[in-house]
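The values are calculated or read from the model by the stated rules, or taken from the named source; none is laboratory data. Not measured: the values here are computed from a predicted model. Positions of Cβ are backbone-derived with ideal geometry, glycine not excepted, and every protein chain shown enters the neighbour counts. Accessible surface is based on the protein model in full, side chains and every heavy atom, while ligands, DNA and RNA are left aside. Shrake-Rupley method; radii C 1.70, N 1.55, O 1.52, S 1.80 Å.
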Amino acid sequence: MRDEDLQLARQMVAAAQTNSHSISVEDDIDEATGGISSPGNSPRPLRRHRVLDLNERRKQFRRTRSLNAPSPVQQFGPCGRIMTNSAMVMQIQDPASQRLTWYKPPLTVLVIKKVSDASVLAPFVQLVEWLLQEKNMVVWVESAVLEDSLLNEDVKFKAIRDKLVTFKDGRDDLTDRIDFIVCLGGDGTLLYASLLFQQSVPPVMAFHLGSLGFLTPFRFDNFQEQLTSVLEGHAALTLRSRLRCVMHRKSEKRQLIHTEAPPNSILVLNEVVIDRGPSPYLSNIDLFLDGKYITSVQGDGLIVSTPTGSTAYAVAAGASMIHPSVPAIMVTPICPHSLSFRPIVVPAGVELKISVSPESRNTSWVSFDGRNRQELFHGDSLRVTTSIYPVPSISAQDQISDWFASLADGLHWNVRKRQKCLDELSDLTASGSEDTIDEIENMKLYDN
């Protein structure tokens with residue numbers, strides 16, 4: 001928080017206390033005088049004027065809209081934003097109120113498809129053709145898509161190939177050019193969309209055409225109806241928080257002091273992983289929270305994940321699964337050399353600092369959503385906090401239904417055989433014999 005904002009907040013608290021006291025005193029005076037104020041009572045209107053002035057300044061003061069987390073930007077690309085809800089709670093926004101609205105019709109759409117998968121080609125051509133001809137939208141695709149030999153053999157694609165607008169990853173900036181994103185494939189397509197937009201992300205609609213499909217709730221069978229409904233503004237949103245990761249190199253610290261250039265940051269949707277790399281030694285990593293030393297991690301490494309990433313690498317390492325609407329950061333050790341080192345959850349608003357311990361025998365390696373792998377040397381540090389730019393993922397039903405459906409379909413969460421009720425075991429209890437349940441079931445089948 002800026003110093004001027006902090007000072008303004010203190011003034012408002014002090015003014016509120018002074019105002020409540022002055023109002024009670026003035027009410028007593030009014031009761032004693034019969035509601036008639038004396039001509040010389042000048043401080044009273046001055047106090048009212050001061051309160052009104054503070055109320056105006058209070059409207060300009062930025063308050064967070066999520067518990068212990070940065071207030072997320074609620075405009076996604078040039079067209080999309082969250083629908084205004086007068087019943088919204090100030091501190092915690094009700095997830096059910098997060099619905100998409102377009103304040104101008106979306107004109108440009110980015111279509112991301114799974115690479116090297118022939119099964120996605122036919123749905124891709126069908127979708128692009130429909131968007132161009134039926135919706136008259138400008139369709140963007142990655143330039144590498146046009147180099148697919150199987151795709152270029154398709155007759156329908158040849159007729160629309162020249163109408164597509166292409167971009168190249170790492171060269172072209174898509175900021176404020178895309179109104180809407182459609183993903184065809186698995187969860188990797190949504191991670192790639194997050195990588196392309198390192199600031200405000202347009203609304204993302206993901207169709208399940210991959211293997212797991214934990215982040216892709218839509219089925220492609222009736223894509224025309226579903227897309228039409230979304231383009232008309234009938235959709236719920238899940239704001240998937242991202243982590244802002246900044247690498248601070250020991251060799252660059254002196255240079256940054258002289259140049260005052262801001263360090264480059266990377267936004268990740270799932271997790272940032274710090275591991276021992278090819279070294280046979282244990283990782284020895286120091287962990288700080290808001291500048292305070294917390295602990296040292298001795299093991300294979302550390303996973304810092306978002307609630308969205310809690311069902312990815314983190315859950316395989318023993319972490320809990322957290323709903324994506326919960327403002328939190330998960331810290332999960334990888335094979336720690338300690339029986340008591342359990343995963344922890346910290347508020348989303350804190351800043352984590354991760355560095356190689358001075359007594360560590362080796363360096364560490366860092367990867368961001370499985371990409372951009374780089375070495376973390378002694379004296380370097382990685383700072384991680386929640387970004388103000390979430391990924392607005394469009395829900396097929398709603399936030400709750402989509403998430404639990406993904407747990408059941410993708411991870412088979414809480415799947416087990418049903419326990420028999422007492423009525424089914426009444427024969428066994430009444431007989432007092434040593435017959436097993438299987439024998440009783442066989443007897444029932446024999447009687448039938």
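For the reader, a short list of remarks on this structure follows.
- Within the stretch 330-348, considering residues that are surrounded by 18 or more Cβ atoms within 10 Å (Cβ to Cβ) and assigned to a loop (DSSP other than H, G, I, E, B), the one nearest to the chain's Cα centre (by Cα): Ala348
- Residue check: Asp169 meets all listed conditions (1) under 27 Å from the mean Cα position of the chain (by Cα); (2) of a type in the set (D, E, K, R); (3) at pLDDT 90 or above but one, namely (3).
- Top-ranked residue in the stretch 281-299 [being more than 26 Å from the chain's Cα centre (by Cα) and part of a loop (DSSP other than H, G, I, E, B); ranked as farthest from Leu190 (Cα to Cα)]: Tyr281
- Filtered residues of the stretch 293-318 (kept if open to solvent by 10 Å² or more (accessible area, probe 1.4 Å) and more than 21 Å from Ala405 (Cβ to Cβ)): Tyr293, Ile294, Thr295, Ser296, Gln298, Asp300, Tyr313, Ala317, Gly318
- For the stretch 241-254, filtering for residues that are in a loop (DSSP other than H, G, I, E, B) and open to solvent by less than 10 Å² (accessible area, probe 1.4 Å) leaves 1.
- Criterion (touching a helix residue (DSSP H, G or I) at 6+ places or on another chain (Cβ under 7 Å) and either crowded, with 18+ Cβ neighbours inside 10 Å or assigned by the TED database to the domain that holds Lys104 (or both)) met by exactly one of Pro217, Pro327: Pro217
- The combined condition, being part of a strand (DSSP E or B), under 27 Å from Thr311 (Cβ atoms) and of a type in the set (S, T, N, Q), is fulfilled by Thr238.
- The single condition among (1) assigned to a helix (DSSP H, G or I); (2) open to solvent by 30 Å² or more (accessible area, probe 1.4 Å); (3) under 24 Å from Cys79 (Cα atoms) that Asn136 does not satisfy is (1).
- Applying the set (1) part of a loop (DSSP other than H, G, I, E, B); (2) modelled with pLDDT of 95 or more; (3) surrounded by fewer than 20 Cβ atoms within 10 Å (Cβ to Cβ) to Arg383 leaves exactly one unmet item: (1).
- Pairs linking a residue in the stretch 210-232 that is closer than 14 Å to Gly186 by Cβ to a residue that is β-branched (Val, Ile, Thr), with Cβ atoms under 7 Å and 6 or more positions apart or on different chains, are Gly210/Thr216; Phe214/Thr311.
- From the options Gly170, Gly210, residue that is open to solvent by 10 Å² or more (accessible area, probe 1.4 Å) and on the phi > 0 side of the Ramachandran plot: Gly170
- Test for Ile160: is it crowded, with 17+ Cβ neighbours inside 10 Å, of a type in the set (Val, Ile, Thr) and touching a residue at least 24 places away in the same chain (Cβ under 8 Å): no
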